[in-house]
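Student: Here you go, one structure.
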Amino acid sequence: MTPQSILIKGPRIIDASQGLDVVGDLLVKDGKILSVGNLIAPADIPENCRVISGDGLVACAGFIDLHCHLREPGFEYKETIATGTQAAARGGFTSLCCMPNTDPAIDNAAVVEFIKRRAADQGVVRVFPIGCVTKERKGKTLAEMEELASAGVVAFSDDGDPVYDDNLMRLALAYSQDLGLPIINHCQEHSLSRGGVMAEGWVATLLGLPGIPAAAEEAMIARDIALAELTGGRLHVAHLSTSGSVALVRQAKERGIPVTAEVCPHHLTITDQWALGGKDSKNDVAGPLSFDTSTKVYPPLRSQHDVEALVDALAEGVIDCVATDHAPHDLASKQVTYQDASFGISVLETALGSLMQLVHQDRISLSTLIERLTVGPARILGPNFAELPTLKEGTPADVVLFDPNREWRVDPREFASKGKNTPLEGTTLKGRVVATMVAGEIVFQESALTEQVS
Amino acid sequence: MSLSHPAAFGAYSGTGHANGETKPRQHVLDLDDFLPSEIASVLENTRAMKEVLKRDIKKVPTLRGRVVVTLFYEASTRTRISFEEAGKVLSADVINMGGSGSSVEKGESLLNTGLTLQAMGVDILVVRHPHAGAPNFLARHLPKVSIINAGDGLHAHPTQALLDLFTVQEKLGSLAGLKIVIVGDVLHSRVARSAMWGFAKMGAKVTLCGPGTLLPLDLLRPNGHLPEGHCLASVKVDTSLDRAIEGADVVMALRLQSERQDSGFLPSMREYIRRWQVTESRVASAKPNALVMHPGPMNEGIEISSGLAHGDSSVIEEQVANGVAVRMALLYQVSTVVSQASGRLSIEQ
């Protein structure tokens, strides 16, 4: 019999939505938070309650990912809603916003309905589809945005590609205004990035790989900021990767332009140096391990200078949230030359461990990091999502429990995701999810979880 | 960005040498992981191989019983033929495989083609591929095969660089301190990249020269990538050939592909010729005995004037001839590892 209640005894509870950071108990009943922070005396433990030891662990609201690729429909050999949401649960994510570059693309209500039904049947975390900006993601004419909004999309994006056409981007921002949903643009100026497979710079020069200059991203962000100012539409910039992009977003926010931004765990933690192989080797000599296609991602991994700027911007709040851009691929898409390999990293299951490096290095506080994984993304989704990133009593119990100090070795064979494509394979991360709960139901738990049923 | 201490060069694991200790080399992927002493030893062996090529009967049994496959995904005359000749002079069984007429046309992946050749017992795979890193990829996935890079994308062309080093050393005696000017489309040149490593490691001073659009930006405007003492820190970049060529010991013109004009890198061929063609009058301001080189194939009248290409200072044909000897030396060198890997008797003759 499934326990109706779950009690987590004595974790450090961090709730960014109410500035809470205490060691106490967390009691969940009937899918909702019943009590947060107060010590629950043995006599007060409800009947048939599962009790989990939270000693040395952190409990917080479940993470919300504004940007992932679940690949279904169309690319089920790379990922499905079932495997993608299991990966999310293992990574502490309780809500996923999935990008519409599926086949067919999410450009009409029927596909939205399909994804919602499939998520309800087979998914283990919440799934919120993102609709296309343009029909079939072709960048020619606007998709039926109101129909998509009514069907339940939470944002619009042609991700995988930018909205290239300047005027079409203007129209999208203007048309979507009364729908209250942001336009998420993947900013990359095609005539500058064309043919590029990694960041332009010293490593690309050494490896003879065509580079993507930082200006390719920055030029389009500058355009989009100007269009957001012109139209008053809501712009959300996907996966910032350069220090120049940070400067543009910072300046736009200072001027009061409605723009928000996200950054991916890999752009905060690793550099283009990793394409040389040997992980974070300081060597600049190529060898059999060089041209590691698991480092090929769009936007590309950049320099340490960019990494520093992105971390600072996340800590300061210039960047609103972390998003994974989880991009799972089958082996065949990556076991080819660097130029032939698909762009993307499988991120959901390593995100927390990667990001915790920043906490362990005192680059960002744990509560700020949690804010950027919970409250930050929910704020971009809008007021309807205010109950997701909180542990306030009476709200749905989307909770993640993690060990901030647990060291573990990344072995993609253990991933729930079909995408084993990660440059972190074989590296050691510090920080690991122990259990994840969606609406009071445990959707992932480590076998080592200490517990008792009272 | 942090780069290695110069002493750490060439220290990738598994091949080459680690901790300064020289081990037989399994792969030739680029010159970046060669120690200067190893380059010197290849050049020394090349001299011995050149002797073999001068004999009446150009045949030695060194690689008898070895299978060498040349796997070329790009057109090539001199590189492929010279590898084939090198293998045959050394008595290896050489099999040529190209894109057309093979399973590559049926869409077989590079990995599966490589695994197939490995399963057939191929000892040495000489590979040319339009994508940078294809030889590194094969080296990672084919543990039983030696890979020799015959040119990969814009990345590297180490055998070309070694034959250039050999040619210059043979003509001028020593490489240390020489001024080497490499002029043309550096951005798209694997020859320039490998030559830059090779000459710099041997103590020569390299100047890369060409239009600003055809020079890698991070070389043109160095951004603190290179620590003091890094061998590439001696590499200079100059957009003026007239300035760069002064006092040069070697002038190497790179091939300029006509599509560079079409894709906007150059205003016109006419302007390129006016500013960067290697001509008799320009070479006049180099050292009196300066060598003129070209990796081929040449566009005479574009990157190099016809008179110069076939003139007294040109060593272009010698480069081609030396290419066979250099490739013999490399086939010999990696074959010593192949014999250990497959448990065969060493081929010391």
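Student: Please find, among B:GLY173, B:GLY198, the residue that is of a type outside the set (Val, Ile, Thr), more than 10 Å from chain A (Cβ to nearest Cβ) and surrounded by fewer than 24 Cβ atoms within 10 Å (Cβ to Cβ). Working first, answer last.
Tutor: On the way: B:GLY198 fails: surrounded by fewer than 24 Cβ atoms within 10 Å (Cβ to Cβ).
Unique residue meeting the criteria: B:GLY173.
Student: Looking only at the range B:239-246, decide whether some residue is assigned to a helix (DSSP H, G or I), in contact with a Leu (Cβ under 7 Å, 6 or more places away or on another chain), more than 14 Å from chain A (Cβ to nearest Cβ) and at negative phi. Please lay out each step first, then the result.
Tutor: As a first pass, look at the range B:239-246 and keep what is assigned to a helix (DSSP H, G or I): B:241-244.
Now drop any that are not in contact with a Leu (Cβ under 7 Å, 6 or more places away or on another chain), which leaves none.
Checked against the condition, which is being assigned to a helix (DSSP H, G or I), in contact with a Leu (Cβ under 7 Å, 6 or more places away or on another chain), more than 14 Å from chain A (Cβ to nearest Cβ) and at negative phi, the range B:239-246 yields no hits at all.
Student: Hey, another quick one. Select, from A:VAL51, A:VAL22, the only residue that is out of contact with any Cys (no Cβ under 9 Å at 6 or more places or on another chain), among the hydrophobic types (A, V, I, L, M, F, W, C), under 21 Å from A:VAL375 (Cα atoms) and in the same structural domain as A:SER447 (by TED's automatic domain parsing).
Tutor: Details: A:VAL51 fails: under 21 Å from A:VAL375 (Cα atoms).
Step by step, each of A:VAL51, A:VAL22 is checked, and only A:VAL22 is out of contact with any Cys (no Cβ under 9 Å at 6 or more places or on another chain), among the hydrophobic types (A, V, I, L, M, F, W, C), under 21 Å from A:VAL375 (Cα atoms) and in the same structural domain as A:SER447 (by TED's automatic domain parsing).
Student: Can you give me the number of residues within the range B:306-320 that are without any contact (Cβ under 8 Å) to a residue 60 or more places away in the chain, surrounded by fewer than 18 Cβ atoms within 10 Å (Cβ to Cβ) and in a helix (DSSP H, G or I)?
Tutor: Qualifying residue count for the region: 3.
Student: How many residues does the range B:102-119 hold that are at the interface with chain A (Cβ under 9 Å from one of its Cβ atoms), surrounded by fewer than 20 Cβ atoms within 10 Å (Cβ to Cβ) and either touching a strand residue (DSSP E or B) at 6+ places or on another chain (Cβ under 9 Å) or touching a residue at least 12 places away in the same chain (Cβ under 8 Å) (or both)?
Tutor: Of the residues in the range B:102-119, the ones at the interface with chain A (Cβ under 9 Å from one of its Cβ atoms) are B:109-111.
Subsequent filtering for residues that are surrounded by fewer than 20 Cβ atoms within 10 Å (Cβ to Cβ) retains B:109, B:111.
Now restrict to residues that are either touching a strand residue (DSSP E or B) at 6+ places or on another chain (Cβ under 9 Å) or touching a residue at least 12 places away in the same chain (Cβ under 8 Å) (or both): B:111.
Qualifying residue count, the range B:102-119: 1.
Student: Is it fair to say B:VAL181 is crowded, with 20+ Cβ neighbours inside 10 Å and either within 14 Å of chain A (Cβ to nearest Cβ) or farther than 19 Å from A:LEU206 by Cβ (or both)? Don't jump to the end; show me each part of the working.
Tutor: Numbers: crowded, with 20+ Cβ neighbours inside 10 Å: yes; either within 14 Å of chain A (Cβ to nearest Cβ) or farther than 19 Å from A:LEU206 by Cβ (or both): yes.
The answer is yes for B:VAL181.
Student: Of the residues B:ILE124, B:ILE95, which is free of Cβ contacts under 8 Å to residues at least 40 places away in the same chain and either of a type in the set (A, V, I, L, M) or more than 19 Å from B:VAL334 (Cα to Cα) (or both)? Steps first, answer last, please.
Tutor: On the way: B:ILE124 fails: free of Cβ contacts under 8 Å to residues at least 40 places away in the same chain.
Selected residue: B:ILE95, the only one of B:ILE124, B:ILE95 that is free of Cβ contacts under 8 Å to residues at least 40 places away in the same chain and either of a type in the set (A, V, I, L, M) or more than 19 Å from B:VAL334 (Cα to Cα) (or both).
Student: Could you list, ordered by first residue, the pairs with Cβ atoms under 6 Å in which the first is in the range A:403-417 and acidic (Asp, Glu) and the second is exposed (fewer than 15 other Cβ atoms within 10 Å of the Cβ), at least 6 apart or interchain?
Tutor: Within 6 Å, the pairs are A:GLU407/A:THR428.
Student: If you check A:VAL336, A:VAL347, A:VAL311, which single one turns out to be surrounded by fewer than 24 Cβ atoms within 10 Å (Cβ to Cβ) and touching a strand residue (DSSP E or B) at 6+ places or on another chain (Cβ under 9 Å)?
Tutor: On the way: A:VAL336 fails: touching a strand residue (DSSP E or B) at 6+ places or on another chain (Cβ under 9 Å); A:VAL347 fails: surrounded by fewer than 24 Cβ atoms within 10 Å (Cβ to Cβ).
Checking each option against the conditions leaves just A:VAL311.
Student: To continue, here is another question. Among the residues of the range A:270-299, which ones are more than 14 Å from chain B (Cβ to nearest Cβ) and surrounded by 23 or more Cβ atoms within 10 Å (Cβ to Cβ)? Break it down stepwise before answering.
Tutor: Pass one, the range A:270-299, residues more than 14 Å from chain B (Cβ to nearest Cβ): A:297-299.
If the condition is that a residue be more than 14 Å from chain B (Cβ to nearest Cβ) and surrounded by 23 or more Cβ atoms within 10 Å (Cβ to Cβ), then A:VAL297, A:PRO299 are the ones that fit.
Student: Here is a further query. Which residues, taken from the range B:120-153, are over 16 Å from B:GLY99 (Cβ atoms), surrounded by fewer than 24 Cβ atoms within 10 Å (Cβ to Cβ) and in contact with a Gly (Cβ under 7 Å, 6 or more places away or on another chain)?
Tutor: Passing the criteria: B:HIS141, B:LEU142.
Student: Does B:ALA233 qualify as being in a helix (DSSP H, G or I) and in contact with a Ser or Thr (Cβ under 6 Å, 6 or more places away or on another chain)? It would help to see each step written out before you state the result.
Tutor: On the way: in a helix (DSSP H, G or I): yes; in contact with a Ser or Thr (Cβ under 6 Å, 6 or more places away or on another chain): no.
So B:ALA233 fails the test.
Student: Let me ask something additional. One residue is enough: does the range A:74-93 have a residue meeting the conditions surrounded by fewer than 24 Cβ atoms within 10 Å (Cβ to Cβ), within 20 Å of A:LEU381 (Cβ to Cβ) and either free of Cβ contacts under 8 Å to residues at least 12 places away in the same chain or assigned by TED's automatic domain parsing to the domain that holds A:LEU355 (or both)?
Tutor: No: the range A:74-93 contains no residue that is surrounded by fewer than 24 Cβ atoms within 10 Å (Cβ to Cβ), within 20 Å of A:LEU381 (Cβ to Cβ) and either free of Cβ contacts under 8 Å to residues at least 12 places away in the same chain or assigned by TED's automatic domain parsing to the domain that holds A:LEU355 (or both).
Student: Which one of A:GLU229, A:GLU200, A:GLU189 is of a type outside the set (Val, Ile, Thr) and either under 30 Å from B:CYS231 (Cβ atoms) or buried (at least 24 other Cβ atoms within 10 Å of the Cβ) (or both)? Walk me through it before giving the result.
Tutor: Details: A:GLU229 fails: either under 30 Å from B:CYS231 (Cβ atoms) or buried (at least 24 other Cβ atoms within 10 Å of the Cβ) (or both); A:GLU189 fails: either under 30 Å from B:CYS231 (Cβ atoms) or buried (at least 24 other Cβ atoms within 10 Å of the Cβ) (or both).
After applying the criteria, what remains is A:GLU200.
Student: Still on this model: Enumerate the pairs (first residue in the range A:114-128 and over 13 Å from A:ALA89 (Cα atoms); second residue anywhere and surrounded by fewer than 17 Cβ atoms within 10 Å (Cβ to Cβ)) with beta-carbon separation below 7 Å, excluding pairs fewer than 6 apart on the same chain, so at least 6 apart or on different chains.
Tutor: A:LYS116/A:GLY152
Student: So which residues in the range A:13-40 are of a type in the set (A, V, I, L, M) and in a loop (DSSP other than H, G, I, E, B)?
Tutor: First pass over the range A:13-40, keeping only residues of a type in the set (A, V, I, L, M): A:13-14, A:16, A:20, A:22-23, A:26-28, A:33-34, A:36, A:39-40.
A:ALA16, A:LEU39, A:ILE40, listed by residue number.
Student: Do we have B:SER194 as at pLDDT below 95 and out of contact with any Ser or Thr (no Cβ under 8 Å at 6 or more places or on another chain) here? Step through it out loud before you land on a result.
Tutor: Numbers: at pLDDT below 95: no; out of contact with any Ser or Thr (no Cβ under 8 Å at 6 or more places or on another chain): yes.
No: the conditions fail for B:SER194.
Student: Give the residue that is farthest from the other protein chains (Cβ to nearest Cβ), with candidates limited to residues of the range A:300-320 that are part of a loop (DSSP other than H, G, I, E, B) and within 16 Å of A:GLY201 (Cβ to Cβ).
Tutor: Step one: list which residues in the range A:300-320 are part of a loop (DSSP other than H, G, I, E, B), which gives A:300-303, A:317-320.
Subset that is within 16 Å of A:GLY201 (Cβ to Cβ): A:300-303.
Numbers: A:PRO300: 14, A:LEU301: 12, A:ARG302: 10, A:SER303: 6 Å.
Applying the filter and picking the extreme gives A:PRO300.
Student: What number of residues within the range A:316-330 are closer than 17 Å to A:THR102 by Cα and surrounded by 24 or more Cβ atoms within 10 Å (Cβ to Cβ)? Show your work before the answer.
Tutor: Here is the first cut: in the range A:316-330, the ones closer than 17 Å to A:THR102 by Cα are A:325-330.
When the remaining residues are screened for being surrounded by 24 or more Cβ atoms within 10 Å (Cβ to Cβ), the result is A:325-329.
The number of residues fulfilling the criteria is 5.
Student: Please go through the range B:120-145 and give me each residue that is away from chain A (no Cβ under 13 Å) and within 15 Å of the chain's Cα centre (by Cα), ordered by number.
Tutor: B:VAL126
Student: Right, something else. Against the condition touching a strand residue (DSSP E or B) at 6+ places or on another chain (Cβ under 8 Å), more than 10 Å from chain B (Cβ to nearest Cβ) and surrounded by fewer than 22 Cβ atoms within 10 Å (Cβ to Cβ), how does A:LYS253 come out, does it pass? Don't jump to the end; show me each part of the working.
Tutor: Working: touching a strand residue (DSSP E or B) at 6+ places or on another chain (Cβ under 8 Å): yes; more than 10 Å from chain B (Cβ to nearest Cβ): yes; surrounded by fewer than 22 Cβ atoms within 10 Å (Cβ to Cβ): yes.
Judged against the criteria, A:LYS253 is a match.
Student: Please determine whether any residue of the range B:207-218 is in contact with a strand residue (DSSP E or B) (Cβ under 7 Å, 6 or more places away or on another chain), part of a helix (DSSP H, G or I) and away from chain A (no Cβ under 11 Å). It would help to see each step written out before you state the result.
Tutor: Filtering the range B:207-218 for residues in contact with a strand residue (DSSP E or B) (Cβ under 7 Å, 6 or more places away or on another chain) gives B:207-210, B:215.
The next check asks that each one be part of a helix (DSSP H, G or I); those that pass are none.
Checking the range B:207-218: not a single residue is in contact with a strand residue (DSSP E or B) (Cβ under 7 Å, 6 or more places away or on another chain), part of a helix (DSSP H, G or I) and away from chain A (no Cβ under 11 Å).
Student: Kindly indicate whether any position in the range A:325-340 is within 14 Å of chain B (Cβ to nearest Cβ), in contact (Cβ under 8 Å) with a residue 12 or more places away in the chain, assigned to a helix (DSSP H, G or I) and over 20 Å from A:SER95 (Cα atoms).
Tutor: Here is the first cut: in the range A:325-340, the ones within 14 Å of chain B (Cβ to nearest Cβ) are A:330-340.
Within this subset, residues satisfying the condition of being in contact (Cβ under 8 Å) with a residue 12 or more places away in the chain are A:330-331, A:333-339.
After this cut, where a residue has to be assigned to a helix (DSSP H, G or I) as well, the list is A:331, A:333.
Narrowing further to those that are over 20 Å from A:SER95 (Cα atoms): A:331, A:333.
Checking the range A:325-340: at least one residue is within 14 Å of chain B (Cβ to nearest Cβ), in contact (Cβ under 8 Å) with a residue 12 or more places away in the chain, assigned to a helix (DSSP H, G or I) and over 20 Å from A:SER95 (Cα atoms).
Student: Residue by residue through the range B:146-162, note down the ones that are of a type in the set (Val, Ile, Thr), assigned to a strand (DSSP E or B) and more than 10 Å from chain A (Cβ to nearest Cβ). Talk me through it step by step, then tell me what you get.
Tutor: At the first step, the residues of the range B:146-162 found to be of a type in the set (Val, Ile, Thr) are B:147-148, B:159.
Checking which are assigned to a strand (DSSP E or B) leaves us with B:147-148.
Correct list: B:ILE148 only.
The values are calculated or read from the model by the stated rules, or taken from the named source; none is laboratory data. Treat the numbers as computed from the prediction; the structure is a model and nothing was measured. Note: ideal-geometry Cβ built from the backbone for every residue, glycine included; neighbour counts use all protein chains shown.
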